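Readers should treat all values here as calculations from the given coordinates under stated rules, not as data from a laboratory. No experiment lies behind these values; they were computed from the predicted model shown. Glycine gets a Cβ as well: all are built from the backbone with ideal geometry, and neighbour counts include every protein chain shown.
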Amino acid sequence: GDSVTQMEGPVTLSEEAFLTINCTYTATGYPSLFWYVQYPGEGLQLLLKATKADDKGSNKGFEATYRKETTSFHLEKGSVQVSDSAVYFCALKNNNDMRFGAGTRLTVKP
Amino acid sequence: GAGVSQSPSNKVTEKGKDVELRCDPISGHTALYWYRQRLGQGLEFLIYFQGNSAPDKSGLPSDRFSAERTGESVSTLTIQRTQQEDSAVYLCASSLARGVRDTQYFGPGTRLTVL
């Protein structure tokens, strides 16, 4: 069945460092891909999404490109801030079926 | 309301008791999902409702779990004879429709602790 594998955490970075959180997927057909973020004490929020190959999703300085050839959707940010500390979930949606990765906890230190 | 709401936000119960968790989706959203998030783990799909169609119950872990939804409104997830392994955050999400491009919007979750 469909599945998502993302980089294990926790990840700890200094402020202004470059961030990459890897995400790869296995799916039949043409899924949509998502990154969700869960800030401390809050619910899951959509961060960005891409619905077809080569699409780039972006929001709040974060970017991810839907790469069908490598079945990847890696999350990147050029300069992280303390406020980016959260758990990040990669997800795919195929028909009405949604699959999430295990989540990657990011801590950004000042 | 503006977003998905869930109640209660926290629930502590004794092993063997039944619990009911409520989800109010975004108005107009026809699709509604329930997930379970155990500590330190990813989201585990439980059940999916789409309009008046029969729900997809394929993720329910046992017959102690059930859910209902009236039309396109409130949903209730019921766990009977709770066990300690049921302790988790239960998340509800809704989306406009069932299409592959439709984004799910999540509620804040209900943290269930079974003593």
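Which order results if A:S58, B:S58, B:S5, B:S94 are arranged by neighbouring Cβ count within 10 Å, fewest first?
B:S58, A:S58, B:S5, B:S94
Would you kindly work out the equivalent ellipsoid of chain A from its C-alpha gyration tensor and give its semi-axes, the square roots of five times the eigenvalues, largest first in whole Å?
23, 14, 12
Shielding of B:41-48 by partners, i.e. mean partner chain Cβ atoms within 10 Å per residue?
Partner Cβ neighbours, averaged per residue: 4.
Compute the Rg/Rh shape ratio of the protein assembly as shown: radius of gyration over Kirkwood radius, all on alpha-carbon atoms.
Radius of gyration relative to Kirkwood radius: 0.97.
In peptide B:102-113, how many Cβ atoms from other protein chains are near each Cβ within 10 Å, on average?
3
With a 10 Å Cβ neighbour count serving as the proxy for reagent exposure, in which order, fewest first, do B:V74, A:V108 appear?
B:V74, A:V108
So how far, in whole Å, is the C-alpha centre of the range B:44-67 from the one of the range A:1-70?
26
DSSP loop (so not H, G, I, E, B), at most 11 other Cβ within 10 Å: list which GluC sites (Glu not before Pro) in the range A:2-110 pass both filters.
When the GluC sites (Glu not before Pro) of the range A:2-110 are filtered for loop state and at most 11 Cβ neighbours within 10 Å, A:E16, A:E69 remain.
So, in the protein assembly as shown, how many Lys pairs have Cα atoms under 15 Å apart, if the pair is 8 or more places apart or on different chains?
10
Arranged by the count of other C-beta atoms within 10 angstrom, fewest first, what order do B:S75, B:S7 take?
Listing B:S75, B:S7 from fewest to most nearby Cβ atoms yields B:S7, B:S75.
On the first, second and third principal axes, largest extent first, how far apart are the outermost C-alpha atoms of chain B in Å?
38, 26, 24
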